[in-house]
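Here's the structure we're looking at; comments come further down.
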Amino acid sequence: MPRRSARRKVTTFESAGRLAAAISEHPREFVGLVIATIAIFAIVTNALFLQRGPHPAPIFAARPLLQQEAALAPRLQSAQSAPAAEGGNQARLQLIANIQRELARKKFYDGPTDGIWGAKTDAAVRDFIQVAGSKTNAEASDGLLRAITASNAKPPNTGGAPNAAPDAITKLIATSKRVISVQRALADFGYGQIKPTGVFDPDTRAAVEKFERDRRLPLDGQISDRFVRELAAITGRPLE
C-alpha cells in the first residue's frame, strides 16, 4: 500500500510539472484558453439563467430604452397638465365671481362674491333668467355673464319694504300641494312644529320668514318660486 501511494504522488507531481512547463513554454496560448473558457461559461449562463426573451439577449439584464421612455411619458404629461388644470379652475372661479357681482348689482343676489356656485347663486341666476326671459342656461358661462351685464331686468320686489303687507292671494286660506310640501320640509329641518295641512297659516308664515332670515333672502313671508328653489336646494329633493 505505501508503494502505491508513493507512485500516485510521483505521478501527480510529474503531471503538474509537465503542465507548468507547458504554460511556461506557451503563456499566450494558455491565457487565450482561459479567456475562451470564461467566455463560454458566460454565454451558457446567459442562455440558461439570464435571458427572458428570445435570442439574442444581452449578458446583463438591462431595461430597454423604450420602456424607460414609456414610463417617463405619463409623468411628463401629468406635470404639464397640472398648471393647465389649475389655470382652468382659477378662470372658472373668476367667472363665477363676476356673475355674482353683476347679479348683486342688479339686486338679484345678496351673497358673497366668492366664486363658488352654491344654492344661493343658482337661485339668483334662475330668478334672473325667469324675469329677463333669457334663453341662457343656468350655468357659469361667458354668455350668461354678458346677458346679465346687458340686461335691465330687475327683481319684482325691488324697492318694496321688507315687511310689506302680503298680497291678497297669500291671505286666502287655500289648500295647495306646494304649501303641504313646504310645510313638511320646514318641519323636517327644524323650522317649527308645522302640520302639513296645506293651509298657509301664521305658523307656516313664521317658519317661512325664519328660513328667509337664515338664508338672507328678501323677507316677505311668501312661498315664492325663489323660496321654493332655495328650500329644495337645502333639502336636496324636489318640493313639487
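Derivation of every value follows stated rules applied to the coordinates shown; laboratory data play no part. These figures come from a predicted structure and were not determined experimentally. Positions of Cβ are generated from backbone atoms using ideal geometry, with glycine treated the same way; all protein chains shown enter the neighbour counts.
Tabulated data
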{"item": "Per-peptide average of other Cβ atoms within 10 Å, ordering 32-45, 122-135 highest first", "result": "122-135, 32-45"}
{"item": "Overall Cα dimensions of region 75-150, principal axis frame, Å, largest first", "result": "50, 25, 20"}
{"item": "Residues whose placed amide H lies under 5 Å from that of SER176, excluding near-sequence neighbours", "result": "none"}
{"item": "Simple Cβ-charge dipole of region 168-235, Lys/Arg +1 and Asp/Glu -1, about Cα centre, in debye nearest 20", "result": "100 debye"}
{"item": "Packing-based ranking, highest mean first, of 210-217, 24-31 given that Cβ atoms within 10 Å are counted", "result": "210-217, 24-31"}
